[in-house]
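J.: A single structure is presented below for examination.
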Amino acid sequence: MTKGGMESVELFTTEGKGRGLKAQKEFLPGDVIFAEPAYAAVVFDSLTHVICHTCFKRQERLHRCGQCKFAHYCDRTCQRAAWLNHKNECSAIKRHGKAPTENIRLAARILWKMEREGTGLSEGCLVAIEELQNHVDSFGDEEKKELRADVESFLEFWPPHSQQFGMQLISHIFGVISCNGFTLSDQRGLQAVGVGIFPNLCQANHDCWPNCTVVFNNGKIELRALSKISPGDELTVSYVDFLSLSEERRTQLKKQYYFDCTCEHCKKQLKDDLMLAVKAGDSKPSADTVKEVIQLSKDTLEKINKARMEGHYHEVVKLCRDCLKKQEPVLGDTNIYLLRILSIASEVLSYLQMFEEAADYAKRMVDGYLKIYHPNNAQLGMAVMRAGVTHWHAGLIEAGHGLICKAYAILLITHGPSHPITKDLEVMRVQTEMELRMFQQNEFMYYKMREAALKNQKIQVMPEPSNENAPSLFHKKE
């Protein structure tokens with residue numbers, strides 16, 4: 001079954017897993033299998049004034065809709081492009097007196113589109129919105145309570161002159177948003193800024209070691225191949241970050257997406273041994289010592305979160321240093337508790353411009369990640385990029401350039417050459433290559449020029465450490 005721009009994929013059904021997507025032709029790493037615009041999408045409540053409601057780019061100054069005073073746009077072009085989807089919303093917000101929450105806004109946009117285009121298959125969609133899974137039957141008491149509250153708020157917001165839909169369909173739409181809402185990132189791919197429904201993407205099943213990845217680029221989501229895919233192969237994406245033990249990933253998937261993961265990596269607990277590694281050698285630590293250090297690591301991570309929330313970054317650094325002293329004699333280089341502390345320490349130290357210490361931790365973090373992650377994992381690419389920039393800022397130009405080149409090779413596959421973050425990386429790659437040549441010709445002159453440059457211009461400050469993890473694939477309440 002193929003439809004509008006979806007010629008290279010086929011929808012199929014299996015027992016136990018339900019629907020899925022299969023390749024109709026061969027794909028190589030980095031190939032775009034399909035690009036899909038959102039059926040409907042909205043900006044998160046907390047960012048409605050800083051993110052464009054059409055292209056989801058972060059901008060310093062946005063134009064505000066003169067009618068509802070709620071929607072914001074980059075310019076007139078984005079505003080005009082939004083009018084078809086914003087028209088009903090605009091008058092409903094004016095009538096209601098204020099904009100409702102993101103879930104209500106998204107449900108309303110979906111139903112206005114159904115009112116305009118009718119039910120059934122939309123152009124370019126393999127599956128109708130009414131047929132998407134909603135998992136409402138699997139909801140716990142708390143989720144059912146939230147669903148009822150959302151439906152009530154929706155009915156207050158929905159205008160009386162719009163088509164009146166039945167309660168069952170409205171509940172179904174909220175169920176779909178809950179388990180199929182896809183996270184939209186800003187143009188740098190670093191912050192989750194909105195949520196959208198992409199009916200074709202929803203058909204891709206999960207695998208902890210997938211053959212595809214998803215990236216939001218230029219207003220559409222792209223399904224990109226991570227490895228060679230043959231005709232007839234199922235197309236899979238990962239709903240969760242791989243950097244957790246198989247048992248933890250399975251628990252998270254069951255809780256958030258209502259299924260038991262049966263992928264190869266979960267069944268065989270692949271890579272769990274690396275993630276739980278302890279120091280090798282003659283003086284192998286006792287099981288009790290390992291247990292003690294892991295508990296200390298968990299406690300420290302909680303304290304770090306609290307300190308980060310309050311912006312006490314020097315306290316975060318102290319907590320990391322103390323924890324690493326206890327971890328280093330006991331935990332192996334790929335142990336996830338060690339890697340989590342190294343990641344936080346390198347990010348916060350970079351922000352505080354303590355680049356040399358940050359670079360040391362970043363290097364160790366990347367060495368561990370390379371042994372655990374799929375070689376073409378987007379999260380790995382971003383981590384290698386951050387490590388490269390940290391080394392560059394520390395004046396370690398050889399290592400910095402090497403890491404930036406490695407990150408560029410990964411992001412070419414996961415994000416593609418036209419993505420803003422890949423373009424940024426290409427600029428850095430060219431710049432560090434030039435500096436490296438200068439360094440190789442005359443080290444003394446290189447450091448002199450670097451010193452002078454740093455005196456003249458304040459070194460580019462790293463972004464303030466975020467308490468959020470990298471945007472996850474689907475927007476789901478924890």
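The values are calculated or read from the model by the stated rules, or taken from the named source; none is laboratory data. Bear in mind that the values here come from a model prediction, so they are computed numbers and not experimental data. When we count neighbours, we look across all protein chains shown, and the Cβ atoms used for this are built from the backbone with ideal geometry, even at glycine. Each accessible area value is taken on the protein alone, full model and side chains, heavy atoms only, with ligands, DNA and RNA left out. Shrake-Rupley method; radii C 1.70, N 1.55, O 1.52, S 1.80 Å.
J.: Assuming 0.36 nm per residue, please report the length gained on full extension of the stretch residue 7 to residue 245 beyond their Cα-Cα distance. Provide the component values of the computation, followed by the final result.
T.: Details: separation 238, 0.36 × 238 = 85.68 nm, distance 3.68 nm.
Extra length from residue 7 to residue 245 when fully extended: 82.0 nm.
J.: Further, regarding this structure: Just need the relative contact order of segment 1-117 here, percent rounded to a whole number, with Cα pairs under 8 Å and 6+ apart.
T.: Numbers: 129 pairs, mean separation 19.8, N = 117.
Computed value for segment 1-117: 17 percent relative contact order.
J.: Placing unit charges on C-beta atoms (Lys and Arg positive, Asp and Glu negative, everything else neutral), compute the dipole magnitude of segment 294-372 about its Cα centre in debye, rounded to 20. Could you put the intermediate results ahead of the total?
T.: On the way: 12 positive and 12 negative charges, 41 e Å.
Dipole size: approximately 200 debye.
J.: Rolling a 1.4 angstrom probe over the protein chains, ignoring ligands and nucleic acids, what is the accessible area of residue 69 in square angstrom, nearest 10?
T.: Only protein atoms counted, so the area is about 110 Å².
J.: While we're looking at this one, here's another question. Please report, in whole Å³, the volume per residue of the convex hull around the C-alpha atoms of the chain.
T.: Working: hull volume 83.7 nm³, N = 478.
Once divided by residue count, the hull of the chain is 175 Å³.
J.: So what is the diffusion coefficient of segment 153-203 in µm² per second by Stokes-Einstein at 4 °C and 1.567 mPa s, using a Kirkwood Rh over Cα pairs? Please list the in-between numbers first.
T.: Values: Rh = 13.1 Å.
The estimated diffusion coefficient comes to 99 µm²/s.
J.: Moving to a separate point now. Tilt of helix 443-456 relative to the longest C-alpha principal axis of the chain, in degrees (0 to 90, nearest 10)?
T.: Roughly 50 degrees between the two axes.
J.: On to the next question. Which of 439, 411, 377 sits closest to the plus end of the dipole of the chain, meaning its Cα is farthest towards the positive end, when Lys and Arg get +1 and Asp and Glu get -1 on the C-beta?
T.: It is 439.
J.: Okay, moving on. For residue 284, list the aspartates and glutamates whose Cα falls under 13 Å from its own Cα; do not include residues on the same chain fewer than 8 positions away.
T.: Hits, sequence-local ones excluded: 328.
J.: On a 0 to 90 degree scale, rounded to 10, what angle separates helix 336-351 from the longest Cα axis of the chain?
T.: The helix 336-351 is inclined about 90 degrees to the chain.
J.: Now for a separate question. What figure, in Å² to the nearest 10, do you get for the accessible area of residue 31 with a 1.4 Å probe and non-protein molecules left out?
T.: So the heavy atoms of residue 31 present about 60 Å² to solvent.
J.: Please go through segment 7-65 and write out the GluC sites (Glu not before Pro) that DSSP classes as loop and that have at most 12 other C-beta atoms within 10 Å. Before the final figure, lay out the partial values.
T.: Values: sites: 7, 10, 15, 26, 60; in loops: 7, 15, 26, 60.
Here the sparse-neighbourhood loop sites are 7, 15, 60.
J.: Tell me which of 195, 277, 52 sits at the most positive position along the dipole axis of the chain, charges placed on C-beta atoms (Lys, Arg +1; Asp, Glu -1).
T.: Final value for the positive-end residue is 52.
J.: Can I ask one more? Over 27 Å between Cα atoms: which of 228/406; 291/371; 57/255; 220/306; 87/145; 303/325 fall into that group? Walk me through the numbers on the way to the answer.
T.: Numbers: 228/406 20 Å; 291/371 23 Å; 57/255 31 Å; 220/306 36 Å; 87/145 31 Å; 303/325 16 Å.
From 228/406; 291/371; 57/255; 220/306; 87/145; 303/325, over 27 Å: 57/255; 220/306; 87/145.
J.: Kindly report, to the nearest 10 Å², the accessible surface of residue 271 as traced by a 1.4 Å probe over protein heavy atoms only.
T.: Its accessible surface works out to 50 Å², give or take rounding.
J.: Right, next: Enter the angle in degrees (range 0 to 90, nearest 10) between the Cα long axis of helix 313-327 and the first principal axis of the Cα atoms of the chain, meaning the one along which they spread out most.
T.: The answer is roughly 60 degrees.
J.: What is the dipole size for the chain, taken about its Cα centre, with +1 at each Lys and Arg Cβ and -1 at each Asp and Glu Cβ, in debye to the nearest 20?
T.: Values: 60 positive and 61 negative charges, 220 e Å.
For this selection, approximately 1060 debye.
J.: Over the chain, what is the relative contact order in percent, taking alpha-carbon pairs closer than 8 angstrom and at least six residues apart? Can you show the working numbers first?
T.: On the way: 767 pairs, mean separation 76.9, N = 478.
Here the relative contact order equals 16 percent.
J.: Quick one: pull the percentage of alpha-carbon pairs in segment 277-316 with a separation above 17 Å.
T.: Details: 366 of 780 pairs.
Distances greater than 17 Å cover 47 percent of the Cα pairs.
J.: Taking 0.36 nm per residue of sequence separation and subtracting the Cα-Cα distance, how much length would be gained by fully extending the chain between residue 218 and residue 310, in nm to one decimal?
T.: Details: separation 92, 0.36 × 92 = 33.12 nm, distance 3.43 nm.
My answer for the length gained is 29.7 nm.
J.: Evaluate the Kirkwood expression for the hydrodynamic radius of segment 49-198, namely the inverse of the mean inverse distance over all pairs of different C-alpha atoms, and round to one decimal in Å.
T.: Numbers: mean 1/r = 0.0609 Å⁻¹.
When all Cα pairs of segment 49-198 are included, the Kirkwood radius is 16.4 Å.
J.: Of all DSSP beta bridges located in the chain, what percent are antiparallel, nearest 5?
T.: Details: 33 of 35 bridges.
For the chain, the DSSP antiparallel bridge percentage is about 95.
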